[in-house]
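Values in this text are rule-based calculations from the coordinates and carry no lab data. All figures in this text were calculated on a predicted structure; none of them were measured in a lab. Every residue, glycine among them, receives a Cβ derived from its backbone with ideal geometry; neighbour counts consider all protein chains shown.
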Amino acid sequence: MKTALTTIGLAAVLVLAVAAAPRDHAEEMKRAKQNTAETYEHLATALIEMRKTENGLVKGIIMHNAGAADMALAQAANASGGDKKKALERAAEEINNAASEGDKPVQAVRQRLSKAGHTHHTDAETKEDYLFIDSKEKKQLIDLAQRVSKMGEDANADEINKARDQLREIMSNALRDE
Amino acid sequence: MKKLLCSSVCICVHLWFHFAAFAATPQFVDVAKEAGLTTIQWCGGPERNHLLESAGQGCAFVDYDNDGKLDIVLVNGWRLDSDPDRRKIVEKGKLALYHNLGNGTFENVADKAGIADDGWGCGVCAGDYDNDGFVDLYVTRFGPNRLYRNRGNGTFEQVAERAGVAHGSWSAGCSFFDADKDGDLDLYVACYVEATMEEVLTARRTTLWQDKLKVMAGPFGFRGARDKFYRNNGDGTFTDATKQAGLEDDGEGYGLGVLTSDLDRDGDIDIYVANDSNPNYLWRNNGDGTFTEIGGWSGAGLNADGKAQAGMGVDSADFDGDAIADIYVTNFARDYDTLYRGTGELYFEDISLALGLKPITNMPLSWGCSFLDFDNDADVDIFVASGHIYPQVDQLPELGETYAQRGQLMENRDGKPIEITGAAGPGLQIKRSMRGLAVGDYDNDGDLDLLITAIDSPPLLLRNDGGNAKHWLELRLLDKHKRDALGAFAKITAGGKSQQRELRSGSTYASQSMLRLHFGLGDAATIDKLEITWPSGAKTARETVRSNQLLTLREGE
């Protein structure tokens, strides 16, 4: 008798479970669908915010590099001899950093975020590696960096100030909102 | 009839000139098999799922026993299977040391010499770090590197840990040089990517090549391994002085090829590192034991468009005869090799496009490279070893790329590199997935032979036949310690022309060329003037030196 009751009880539970399953499953599916969309929504918001943050961060980095270069050029204009040469080299290095949207530690971080693969040469004008500096501006900055580094101890203030003007012009174009 | 006769004469004259030119070109013949160089240099599994399986191994021409004949070192890796879940190690290749028997053959004496290491090796460079007159070897590996101290009795002792240079990262190129002019050799090691063997064995191909083929990932996406600089303490040990010397690799560049050279001839040695996929480094020696990285604005870090390329191998020489060092860097497929013309004071300009290097070098994926005067005509030519890293490219012929490739020989014609591979003998028509390259005169006949390593293959030993039709001079330069005087400069004047060479460790890709200086002299049977500038700054001068000899000069004698 006890066994029969137990069997009936188990069967009843099973019947109830089977009857309830489709409803629960459908609800679960609905909830999961909602959850998925909501989670993706949160993720999208976070990704968009992260991209904005990265933009702001990189812009800040470039402005810092350009500012440091400008300051070094200003020092060079007022310095003489070896101090002038050192200041010009410092400026060249900072201009070079601006061209690469950051110094070497920043570049080391960025290369981990790059799409896997090797670098290949392309003749096209491209911005794919950078957020603000396109390949034309990069080339202008690198040429400017080399010119500044070559100025040497005999550079006069006019020459240095012209380099400052050129740096400001390139940076202004590069950082302009598009 | 007259017209026909005239045409026939013209054709005959044309053919005569053609064949005369062809016949005059030295011929490279692969003699590796008959020379007994049978070691297969393994580098992973057939699919090459991980970057480690792309890098291959280097080689060296060194005279380890000072018998006047160049011996051969072949670095080796491991053979993996194709198990898609987790590859297994099928075989651990051993480092080979081939003793030159002097009759055109070699004997592998690695076991006897105590050098038959079975770690996954990458590159090798040579230098007598303990000043005992016998050349020592540094072997870079995936994992702790090896320093083999030459005991001088035909055997070596592995002392990397004791000497403090057993660096654990994946290393590639290396070079011994006296960074601080204290009379002993310091060491620079280029490191590539941070990775573990577990990652290698379980790697999947996840990158799309040309939007068509799944190939191995990297180097972008991986963390770069930081290069190392070790200062020699003078007592058989080294100190990691990377930070103190200002050589911190903050950019975590994917370092492969290393050149140490006094590029601005200011009396101290500078460092150039070919970085894969990011800017190359030019470390200027400040003269006080410290360095400043100036690649960006020197013009030697990027190409003419201001872009980073995928640097692999590097060499330097005065290619255009203006007495200023130029730099050659090999790069990835679908990108040209770069010839940086030195303009003085460590400034360089990329003149590759103007010289026509793009059509020659754009499609091959190039590794080892060397300036060499293969035809003894008194200028330096260029040889490049090439081979793709993705075997999958063979599945799509329309890409125009192949895994196995020919090397390229470019003759210097008035400062312009002209490819003459097709005319320079059967050895240069062989296709392999080449990596390392060492240049040396292994048969002591006055012309330069080529030693080339290739993936999962025995090496190529390309004997130069006919390169010695013109005059030559080889110099062995020994400093006060009777060691090869790394950093010494030799300048010669012969036949109204001046040339210069520098004795170096490292360069090319993960390989070591012979520690002798070779000059082609053209038709000049005598060297009017020979001047050596030793690393100490001392000079040795000789006048009216006869050609066609191996001349050993010792500092102070």
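Annotations for the structure displayed:
- Taking other C-beta atoms within 10 angstrom as a stand-in for reagent exposure, B:ILE382, B:ILE351 fall in the order B:ILE351, B:ILE382, fewest first.
- Shape parameters for segment B:339-407, alpha-carbon atoms, Rg then Dmax in Å: 15.3, 48
- Hull-based mean projected area of the protein assembly as shown, where the convex hull spans the alpha carbons, in square nanometres: 47.2
- Footprinting exposure proxy for B:LEU147, A:LEU141 (fewest neighbouring C-beta atoms within 10 Å first): B:LEU147, A:LEU141
- Longest exposed-site-free window of chain B, the sites being trypsin sites (Lys or Arg not before Pro) in a DSSP loop that have at most 12 other C-beta atoms within 10 Å: B:244-557
- Where the Cα pairs of segment B:222-326 fall when distances are cut into 5 Å bins, in %: 2, 12, 20, 24, 20, 12, 6, 2, 1, 0
- Listed pairs A:LYS84/A:LYS162; A:LYS150/B:LYS529; A:LYS150/B:LYS491; A:LYS86/B:LYS243; B:LYS212/B:LYS431; A:LYS52/A:LYS136 exceeding 27 Å between Cα atoms: A:LYS150/B:LYS529; A:LYS150/B:LYS491
- Where the Cα pairs of segment B:305-379 fall when distances are cut into 10 Å bins, in %: 20, 52, 27, 2
- Neighbour counts of C-beta atoms inside 10 Å place A:TYR40, B:TYR509, B:TYR188 in the sequence A:TYR40, B:TYR188, B:TYR509, starting with the fewest.
- Proximal aspartates and glutamates to B:LYS94, defined as alpha-carbon separation beneath 17 angstrom and excluding residues fewer than eight positions away on the same chain: B:GLU53, B:ASP71, B:GLU107, B:ASP111, B:ASP117, B:ASP118, B:GLU157, B:ASP456
- Nonlocal amide H pairs with B:ASN233, under 5 Å, H built at 1.01 Å: B:PHE238, B:THR239
- 20 °C / 1.002 mPa s Stokes-Einstein diffusion coefficient of segment B:313-463, Kirkwood radius on C-alpha pairs, µm²/s: 136
- Diagonalising the gyration tensor over the Cα atoms of segment B:383-461 and scaling each eigenvalue by 5 before taking the square root yields semi-axes of 25, 17, 9 Å, largest first.
- One equal scatterer on each Cα of segment B:139-180, no solvent, Debye formula: the resulting log10 I(q)/I(0) at q = 0.16, 0.20 Å⁻¹ is -0.46, -0.69.
- Label positions at B:ARG546 and B:GLU91, each projected 7 Å from the Cα along the C-beta direction, are separated by 4.9 nm.
- For B:ALA300, the amide hydrogen comes within under 5 Å of the amide hydrogens of B:PHE348, counting only partners 5 or more places away or on other chains and with H modelled in the peptide plane.
- Across all directions, the average projected area of the convex hull around the alpha carbons of segment B:252-394 is 9.2 nm².
- Average projection area in nm² (convex hull over Cα atoms of chain B, one quarter of hull surface): 26.3
- Over segment B:404-517, volume per residue of the alpha carbon convex hull, in Å³: 133
- Residues whose amide H falls under 5 Å from that of B:GLN57, counting only those 5 or more places apart or on a different chain, are B:GLY436, with hydrogens built in the peptide plane.
- A viscosity of 0.890 mPa s and a temperature of 25 °C, combined with the Kirkwood radius over Cα pairs in Stokes-Einstein, give a translational diffusion coefficient for segment B:463-557 of 178 µm²/s.
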